[in-house]
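Beneath this line is the structure, given in structure tokens, with notes to follow.
The values are calculated or read from the model by the stated rules, or taken from the named source; none is laboratory data. Note that the coordinates shown come from a computational prediction; the quantities given were computed from them, not determined experimentally. Here Cβ is always computed from backbone atoms with ideal geometry, including for glycine, and neighbour counts include all displayed protein chains. What goes into the accessible areas is simple: the full protein's heavy atoms, side chains included, and nothing from ligands, DNA or RNA. Shrake-Rupley method; radii C 1.70, N 1.55, O 1.52, S 1.80 Å.
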Amino acid sequence: MRCTMSHDEKKENPVSIAEEKKAKKADLREMTSCPSTLQMLKKLEADGHDSVFTRAAEMKPCPIGAESACCKHCFMGPCRLNAKDPYARTGVCGATIDTIAARNFARNVAAGGAAHTDHGMVMLDVFRDVVNGKVAHFKVQDEDKLRNVAMSIGIPTENRSVKDIANDLYSELERTYTQVEGEIPFAKRVPPKTLELWRKHGIVPRGAMREIMELMHRTHMGVDQDYNNIVRQCSRTALADGWGGSMVATEISDILFGTPEPRVAGVNMGFLREDQVNILIHGHEPLLFEGMIAASNDPANIELAKAAGAKGINLLGMCCSGAEVLGRHGIPHAGNFVSAEPIIATGAVDAIGVDVQCIMQALPKMADCYGTKFFTTNPRAKIEGATHFEFHEREPLEAPNKIIAMAVERFRNRTAKIVIPQRQDWGVHGFSHEYVNYMLGGKFRGSYTPLNDNIINGRIRGVAGVVGCTNPRVKQDWVHVELVKELIKHNVLVVQTGCSQIALAKAGLMKPDAAVLAGEGLQEVCETVGIPPVLSLGSCVDNSRILIACAEMVRIGGLGDKISDLPVAGAAPEFMSEKAICIGQYFVASGVYTIFGVTFPTVEGTKFHELLFNGLEEQGFGKWGFATDPIEMAGMMIDHIDKKRAALGLTEKRERKLFSMEDRRAAAE
Ligand code: SF4
Ligand code: MSK
């Protein structure tokens, strides 16, 4: 039985049947390097169900679309250009490949930025209601952080009440979204020389609503038809996400629910418990999860579970919802994006509650196949076939209580065969940018100075952000893990967010003893400070923590006066979402070399491609890169870091001799 396509649908899709046969032959071991996911893919196959992995194998991407050489921005089209000879013709309106690809890219940035900024605005709305006593259940948990964030944007804090500071902070941060003219508040955190460059190019964001609206307007048929000008607005919009919407989401979540501190926490499907009511929370905004945590600790709900024969309620995270509470509360994480269906296939998940982003439409149907209850909770994100229990922040236990009751009911009536992969991977999670400051400099002299010093003295070669999704078009987790291993081996400290950090946690690299895999200098620093060589920072919006860390490195001094001077680089090696494109663009506009894998939506050799991959750097920004091989990707990042070190005069002789074939063979062994 295949749960995702009816017999009638198959009759109408004869091509898919042929492709399905081909997919059946695909080697599942080539689809994932996660043993638990592989075990469950085999179970899915035996049970006759498909998954995102097999659907990806069945449905080849459209080659014209993959290179962004098609346009459907008006109904004289859709128009398809020939990616092999992109200047041979234009769209019906005369649009060139550069205009078409830039507009498509811009729409990705607009959608990705809208997702993060909407998330951030929801958090800000809740913050306002908490401060004004309208949400009794939540309160300001981290008053120090509230004061620090307020001070960072010029709000006076001395001798003022929490409520007064919070109200001022709310009013100020609201401008991040609604402001029509002027600069967003967190522009004050940007290193002055970087900000100067943005001002020179007219890309300091006003408010996110304005920037996204303008980008959507400019990409309408017959408006902005100069790829340079479109990319400028892409940068402005993306910066409204990174230094705006996402940063507000991170800071307000910390203020309300506590700034993460390193704690030992577990990742993988082995944290499902056969003898407990298992509930999975999947999505992005922390509100639902916080409500679920409170409800699952309610003695009445625990009694309910026990009355049904369970030992308790076992709450687990998925994707970024999970990544955020992993560091903040130590709640175990079941798996990253593409593991959602395999996790359901364990038969052990009694209920799934979801809010927004990265929730595949296939999930309710898969849940149905294994008797798992599936609940949408956010009015923005309903899914056909799913039960909707709306989450209201003013009554944050209402929907969670209903979800728990239904989960207990499913536990009582479990019929699905339960097979739980036994793997549990422990690691240290929850490195906020504040904690990095503290762990390096101590509580009373917290500072990034030791980090800068260790970069200057060469023990740490540089810092890399490895972030982003997993994508079934490549072997799950493999590129993330091999890339990070290669980076730390060459003394590059790695910081992580999102599904990427779950890949590395499963590979055991978030344990302090993973320092043995690091080069001598990084190993020495890790052992002295007692940290792993790979630091997990949280969810997708928490990429803003990396921006703040970069700004702090510039402020401390010794590594240049702009973010683009720093020996840092970024990568999203298995990205799949539009949010990732927006994140990439805000890192590039901030000054960071950012490499993507899997695919890149441009035709190589076009003027637009050249602008993203070289031109932006010539203008003083960062630039994009692309590679699919993890060792090659690491080499590109390390070469860039070395280029920045050389420009800073940090040219001590190194032992590195990278990427000969011998090295590559040795790395593969
Ligand atoms: Fe074709 Fe131009 Fe319309 Fe795009 S905007 S679909 S290129 S005619
Ligand atoms: S959840 S955007 S798959 S990181 Fe943020 Fe994971 Fe990518 Fe979604």
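Annotations
- R0 of 35 Å, Cβ-Cβ distance R199-N167: FRET efficiency to nearest 0.05: 0.70
- Applied to segment 294-307, the Karplus parametrisation 6.51 cos²θ - 1.76 cosθ + 1.60 on θ = phi - 60° returns per-residue 3J(HN,Hα) values of 4, 5, 6, 8, 5, x, 5, 6, 5, 4, 4, 5, 5, 5 Hz, with x for Gly and Pro.
- Backbone geometry of segment 547-554 corresponds, through the Karplus equation with coefficients 6.51, -1.76 and 1.60 at θ = phi - 60°, to 3J(HN,Hα) couplings of 4, 5, 4, 4, 4, 5, 4, 5 Hz, x marking Gly and Pro.
- Given K145/K562; K193/K643; K485/K511, the pairs whose alpha carbons are separated by over 22 Å: K145/K562
- 3J(HN,Hα) along segment 570-582, derived from phi through the Karplus expression 6.51 cos²θ - 1.76 cosθ + 1.60 where θ = phi - 60°, amounts to x, 8, 10, x, 10, 5, 9, 9, 5, 4, 5, 4, 5 Hz, with x in place of Gly and Pro.
- Residues whose amide H comes within less than 5 Å of that of T259, counting only those at least five positions distant or on another chain, are absent (H built at 1.01 Å from N in the peptide plane).
- Spin-label model, M213/V419: points 7 Å from Cα along the beta carbon direction are separated by 5.4 nm.
- Carbon/sulfur fraction of accessible area - the chain, other protein chains in place, 1.4 Å, %: 51 percent
- Between segment 199-235 and segment 369-422, the alpha-carbon center distance in angstrom: 41 Å
- Long-range amide H partners of G312 with built H, under 5 Å: V277
- Mean accessible surface per residue for segment 432-668, computed with a 1.4 Å probe while every protein chain stays in place, in Å²: 34 Å²
- Sequence-distant residues sharing a close amide H with G570 (under 5 Å, placed H): G465, Y593, T594, I595
- With protein chains left intact and a 1.4 Å probe, residues in segment 97-257 average 36 Å² of accessible area per residue.
- Estimated distance in nm for a label pair at H137 and S152, the labels positioned 7 Å out from Cα along Cα-to-Cβ: 2.8 nm
- With the simple spin-label model, which puts each label point 7 Å out from Cα in the Cβ direction, the N229 to L648 separation comes to 3.9 nm.
- Figure note: M576, M510, M151 ranked by solvent-accessible area, largest first, 1.4 Å probe, ligands and nucleic acids not counted: M151, M576, M510.
- Accessible area (Å², 1.4 Å probe, nearest 10) - R459: 90 Å²
- Computed E for E45/W426 - FRET, C-beta separation, R0 22 angstrom, nearest 0.05: 0.15
- Beta bridges from DSSP with both residues in the chain: antiparallel share about 20 percent, rounded to the nearest 5.
- The length gained on full extension between E520 and C93, counted as 0.36 nm times the residue separation minus their Cα-Cα distance, comes to 147.8 nm.
- Percent RCO, i.e. relative contact order, over the chain, from Cα pairs under 8 Å lying at least 6 residues apart: 15 percent
- For K60, solvent-accessible area (1.4 Å; no DNA, RNA or ligand), Å²: 130 Å²
- Number of Lys pairs (Cα under 16 Å; 8 or more positions apart or on different chains) in segment 268-412: 4
- For a straight C-alpha distance cut-off of 19 angstrom, the aspartates and glutamates reachable from K417 (same-chain residues fewer than eight places away being disregarded) are E45, D47, D50, E274, D275, E341, D350, D368, E409.
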